[in-house]
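Novice: Before we start, here is the structure in question, set down as structure tokens.
Where a number appears in this text, it was derived from the coordinates with a stated rule and is not lab data. The shown structure was predicted, so the numbers you read here are calculated from the model rather than taken from an experiment. Ideal geometry is used to build each Cβ from the backbone, glycine not excepted, and the neighbour counts take in all protein chains shown.
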Amino acid sequence: MALAFYGVIATFQTFPTFGRVYAAYGGVFIILSVLWGWGVDKKAPDLYDWIGAAICLAGVSVILWGPRH
């Protein structure tokens, strides 16, 4: 319930680039989740975890710093 509330509240933001910031936050959240699992749960990421995290980081970079017209 709290997670759904958190997602809905975010949609009420009014600044124009919020969608980009929110999407980038999602990518960073994925990377931090992998690191959390490694550090706290002691589950070492495998090759596919690292590849997925790199893809997310690339996506975040495109979202944040891609040229705009």
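Novice: Within segment 52-69, can one find any residue that is in a loop (DSSP other than H, G, I, E, B), of a type in the set (Lys, Arg) and touching a Gly at 6+ places or on another chain (Cβ under 7 Å)? Steps first, please.
Specialist: Step one: filter segment 52-69 for residues in a loop (DSSP other than H, G, I, E, B), giving 66-69.
Right, trim to of a type in the set (Lys, Arg) and you get 68.
With touching a Gly at 6+ places or on another chain (Cβ under 7 Å) added as a condition, the list becomes none.
Checking segment 52-69: not a single residue is in a loop (DSSP other than H, G, I, E, B), of a type in the set (Lys, Arg) and touching a Gly at 6+ places or on another chain (Cβ under 7 Å).
Novice: Now for a separate question. Might you let me know whether segment 7-23 holds any residue that is more than 14 Å from the chain's Cα centre (by Cα), loosely packed, with under 12 Cβ neighbours inside 10 Å and not in a loop (DSSP other than H, G, I, E, B)?
Specialist: Within segment 7-23, one or more residues are more than 14 Å from the chain's Cα centre (by Cα), loosely packed, with under 12 Cβ neighbours inside 10 Å and not in a loop (DSSP other than H, G, I, E, B).
Novice: Can I ask one more? Could you grab me the full set of residues in segment 30-48 that are of a type in the set (D, E, K, R) and exposed (fewer than 12 other Cβ atoms within 10 Å of the Cβ)? Full working, then the answer.
Specialist: Taking segment 30-48 first, the residues of a type in the set (D, E, K, R) are 41-43, 46.
Once the filter is applied, which keeps residues that are of a type in the set (D, E, K, R) and exposed (fewer than 12 other Cβ atoms within 10 Å of the Cβ), segment 30-48 yields Asp41, Lys42, Asp46.
Novice: Shifting gears a bit: Look at Gly26 and say whether it is in a helix (DSSP H, G or I) and in contact with a Lys or Arg (Cβ under 8 Å, 6 or more places away or on another chain).
Specialist: Working: in a helix (DSSP H, G or I): yes; in contact with a Lys or Arg (Cβ under 8 Å, 6 or more places away or on another chain): no.
Answer is no for this residue.
Novice: Cβ-Cβ under 7 Å, sequence separation 6+ or interchain: first residue in segment 16-45 and farther than 15 Å from Val60 by Cα, partner of a type in the set (Phe, Trp, Tyr). Which pairs?
Specialist: Ala44/Trp38; Pro45/Trp38
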